[in-house]
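What follows is a short report on a single structure.
None of the figures in this text is laboratory data; all of them are computed from the coordinates on show. These numbers come from a predicted model, not from an experiment.
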């Protein structure tokens with residue numbers, strides 16, 4: 001059964017500090033892995049998408065890594081800001097047939113930045 | 001500023017009533033997704049369409065849920081009859097996928113419809 005597990009469930013850090021969120025998956029056949037940011041009361045917004053051949057991708061202060069061998073991904077946030085307070089969702093895609101993807105969602109990490 | 005729009009933003013209804021949620025995808029996008037999000041389950045894919053044809057609706061309870069795309073600018077999700085366990089936030093997302101391009105389904109989410117069934 002395809003699964004995506006995220007840790008920690010919640011995290012509180014001081015503004016300006018760095019943090020790393022984890023995502024472990026068992027999804028096959030792997031197509032791509034995405035990180036989304038979801039602010040309270042809003043829809044998710046894509047941060048990064050990585051395919052099998054990519055092991056790191058950055059979007060501003062967000063850097064995602066992917067280890068396809070160990071089936072692990074991390075999202076590192078540098079110099080956190082109050083606006084980073086949100087839920088971060090890891091989503092893994094299995095490409096079952098041409099163009100038809102199966103998405104498996106993690107339950108998210110709730111990040112709170114305090115001044 | 002292209003974005004996905006959803007109506008209504010909030011809906012409170014009584015058990016047994018029909019609920020219709022609407023979504024306008026980003027102009028030019030050929031793929032539309034419906035998701036449900038609850039605190040317990042997180043995000044779940046209910047159904048998705050490409051070029052208005054349903055590709056996968058395996059996540060949707062078929063006895064009470066139905067999803068359609070009457071035209072390229074409108075997607076609907078109906079629940080009839082609604083039950084308290086349907087209370088959730090329903091998101092629509094759209095994206096563009098081109099066969100042979102090697103691109104993946106980048107999705108742009110709408111703001112969601114918060115449904116409460118009493």
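In the range A:47-115, the C-alpha radius of gyration followed by the widest Cα-Cα span (Dmax) gives 13.8, 47 angstrom. If both residues of a DSSP beta bridge must be in chain A, then about 90% of such bridges are antiparallel. Counting only DSSP beta bridges with both residues in chain B, the antiparallel share comes to about 90 percent. Each Cα pair under 8 Å and six or more residues apart adds its sequence gap; the mean of these over the residue count of chain A is a relative contact order of 37 percent. Secondary structure note: in the protein assembly as shown, about 90% of the DSSP beta bridges are antiparallel. When the Gaussian network model of chain B links Cα atoms closer than 10 Å, the mean-square fluctuations of B:81, B:25, B:70 top out at B:70. Note the direction-averaged projected area, equal to a quarter of the hull surface, for the Cα convex hull of chain B, in nm². Result: a mean projected hull area of 7.4 nm². Dimensions of the range B:1-55 from C-alpha coordinates, computed as largest minus smallest value along each principal axis and given longest first, are 36, 22, 22 Å. With 32 Å as the cut-off, how large is the P(r) tail for the protein assembly as shown, expressed as percent of Cα-Cα pairs? Roughly 20 percent, rounded to a whole number. Answer rounded, prolate or oblate for chain A, using the Cα gyration tensor with square roots of eigenvalues a ≥ b ≥ c: rounded when a/c is under 1.5, else prolate when a/b is larger than b/c, else oblate. Because a/c hits 1.5 or more and a/b exceeds b/c, chain A counts as prolate.
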